[in-house]
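Visitor: Before we start, here is the structure in question, set down as structure tokens.
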Amino acid sequence: MNILLTGGAGYIGSHTHVALLEAGFDPLILDNFANSHPRVLERLQEITGRPARCVRGDVLDTARVERLLREEKIAGVIHFAGDKAVGESVQQPLKYYHNNIGGAVSLMQAMEAAGCESLVFSSSATVYGDPASVPIREDFPRSATNPYGHTKLVIEDMLAAQCHARPSWKVAVLRYFNPVGAHPSGRIGEDPAGIPNNLMPYISQVAAGTRSELQVFGNDYPTPDGTGVRDYIHVCDLAEGHVAALRHLLERGRGLTVNLGTGQGHSVLEVVKAFERASGRPVPYRFAPRRAGDVAQCYADPALARELLGWQAVRGLDAMCADAWRWQSANPQGYR
Ligand code: WQD
């Protein structure tokens, strides 16, 4: 069964490509390589033993996407394509509204024209804003604290409106918590451009000696050790969650919205210690002021995904750090 992965050459998309092939699907990547590198395609072939089918293009090219959906007889789409840096979205909101919301509208128009009605959407726990309590359930209120999060919230609402207007559409909204780690082969992984915004790639580069020390953004939060607590989920668990959600749409014919997290929160200092254990390298750090927009704690109640999809994360923090380190140490320049 042919599945289109928009943005499929990216971090989550490439790992999902592997999981889909292992599950017997035939993934086709559509990527403009704005946030990814073509070299990932040869790495995917190394891992899977099969060529990674890819079309270079943009979801904003509606006619092109419609033709692709028809010609390739696409049964379902997993929509990863979009920009995802919170800080950048504050500086360049129009880029985010154009690429993320415009891209989703274009994709949905192409799907409607081509008669493709199954869609898995890459959403984010950021739609919960600053949660009143943790763990977070899917029925918690949503709020946007930055343009990036706002685009995810708006796209969720657009998908709900489309499903109301077209009851034959089946949509799975997947709210990611904090994806980290890499495929255990060490051949694909997270490849941020420039200075990493996110904790795990930054720690990886400190352990590798590329950066001198980690700044811990705040140690006065109301958490056990004062540093921010997040739900880190191994990217391979996340990829397997996408396969489970796609199967649910195609075989059960029902849409859903679920958290993809472990249900376990870890503080920044816990991640630092775990990474030092996994890499055998020191990760020097110093405390710095809180980062604007950060919340104290954010971790999932993963019960609904387990109940509806029979899926749950199985890899712990030590495996996340070991796999992230294997990728970092084998690919100090990422895919470049
Ligand atoms: C994690 C913790 C920081 C860097 C973001 C997006 C979210 C999703 C995942 C896309 C926090 C602390 C970080 C550093 C630090 N992205 N930290 N020093 O902010 O939870 O979520 O990425 O979907 O939408 O909001 O992830 O990795 O940036 O931060 O102390 O150099 O690490 O304060 O407590 P975050 P993060």
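The values are calculated or read from the model by the stated rules, or taken from the named source; none is laboratory data. For clarity, every value in this text was computed on a predicted model and none was experimentally measured. Virtual Cβ from ideal backbone geometry, glycine too; neighbours counted across all protein chains shown. We work out accessible area using only protein heavy atoms, side chains counted, and drop any ligands, DNA or RNA first. Shrake-Rupley method; radii C 1.70, N 1.55, O 1.52, S 1.80 Å.
Visitor: Here are some conditions: (1) assigned to a strand (DSSP E or B); (2) among the hydrophobic types (A, V, I, L, M, F, W, C); (3) more than 15 Å from the ligand (Cβ to nearest atom). Phe121 meets all but one. Which one does it not meet?
Guide: The number of the failed condition is (3).
Visitor: Do the conditions hold for Thr210, that is, is it in a loop (DSSP other than H, G, I, E, B), crowded, with 22+ Cβ neighbours inside 10 Å and among the hydroxyl-bearing types (Ser, Thr, Tyr)?
Guide: No.
Visitor: Another question, if that's okay. Among the residues of the range 16-43, count how many are farther than 13 Å from Asp191 by Cα and touching a Cys at 6+ places or on another chain (Cβ under 9 Å).
Guide: Count: 7.
Visitor: Go through (1) at pLDDT 95 or above; (2) more than 11 Å from the ligand (Cβ to nearest atom); (3) touching a strand residue (DSSP E or B) at 6+ places or on another chain (Cβ under 8 Å); (4) of a type outside the set (S, T, N, Q) and name the single condition Gly209 misses.
Guide: So the condition that Gly209 fails would be (3).
Visitor: Which residue is most open to solvent (accessible area, probe 1.4 Å), if the candidates are limited to the range 16-35 and must be over 22 Å from Glu251 (Cα atoms) and touching a strand residue (DSSP E or B) at 6+ places or on another chain (Cβ under 9 Å)?
Guide: The qualifying residue most open to solvent (accessible area, probe 1.4 Å) is Asn32.
Visitor: Still on this model: Which one of these is more than 9 Å from the ligand (Cβ to nearest atom), under 30 Å from Val283 (Cα atoms) and either of a type in the set (Phe, Trp, Tyr) or not in a helix (DSSP H, G or I) (or both): Ala182, Ala172, Ala144?
Guide: Only one candidate passes the filter, namely Ala182.
Visitor: Could I ask something else about it? Where in the range 228-336 are there strands (runs of 3 or more DSSP E), lying fully within it, with 2 or more residues that are open to solvent by 30 Å² or more (accessible area, probe 1.4 Å)?
Guide: Strands (runs of 3 or more DSSP E) meeting the threshold: 285-288.
Visitor: Assuming Ile203 fulfils every condition listed in (1) open to solvent by 10 Å² or more (accessible area, probe 1.4 Å); (2) near the ligand (Cβ under 9 Å from one of its atoms) apart from one, which condition is it?
Guide: (1)
Visitor: So, in the range 1-15, of the ones that are assigned to a loop (DSSP other than H, G, I, E, B) and farther than 16 Å from Ala104 by Cα, which residue ends up most open to solvent (accessible area, probe 1.4 Å)?
Guide: Met1
Visitor: Can you tell me which residue is farthest from Pro179 (Cα to Cα) among those in the range 82-96 that are open to solvent by 30 Å² or more (accessible area, probe 1.4 Å) and part of a loop (DSSP other than H, G, I, E, B)?
Guide: Gln92
Visitor: Pick from the range 1-39 the residues that are in contact (Cβ under 8 Å) with a residue 60 or more places away in the chain and within 20 Å of Glu66 (Cα to Cα): which of them is farthest from the chain's Cα centre (by Cα)?
Guide: Met1
Residues are listed down the side, and each one gets a yes or a no for (1) at pLDDT below 95; (2) of a type outside the set (Phe, Trp, Tyr):
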position: Gly280; (1), (2): no, yes
position: Ala288; (1), (2): no, yes
position: Ala292; (1), (2): yes, yes
position: Leu304; (1), (2): no, yes
position: Leu308; (1), (2): no, yes
position: Met320; (1), (2): no, yes
position: Trp327; (1), (2): no, no
position: Arg336; (1), (2): yes, yes
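Visitor: On the basis of being hydrophobic (A, V, I, L, M, F, W, C) and more than 17 Å from the chain's Cα centre (by Cα), does Leu119 make the cut?
Guide: no
Visitor: Please verify whether the range 87-101 includes one or more residues that are at positive phi, within 16 Å of the ligand (Cβ to nearest atom) and at pLDDT 95 or above.
Guide: There is no residue in the range 87-101 that is at positive phi, within 16 Å of the ligand (Cβ to nearest atom) and at pLDDT 95 or above.
Visitor: Then there is this: Output the residues belonging to the range 272-315 that are farther than 25 Å from Asp237 by Cβ and within 11 Å of the ligand (Cβ to nearest atom).
Guide: Selection gives Tyr285, Arg286, Phe287, Ala288, Pro289, Arg290, Arg291, Ala292, Gly293.
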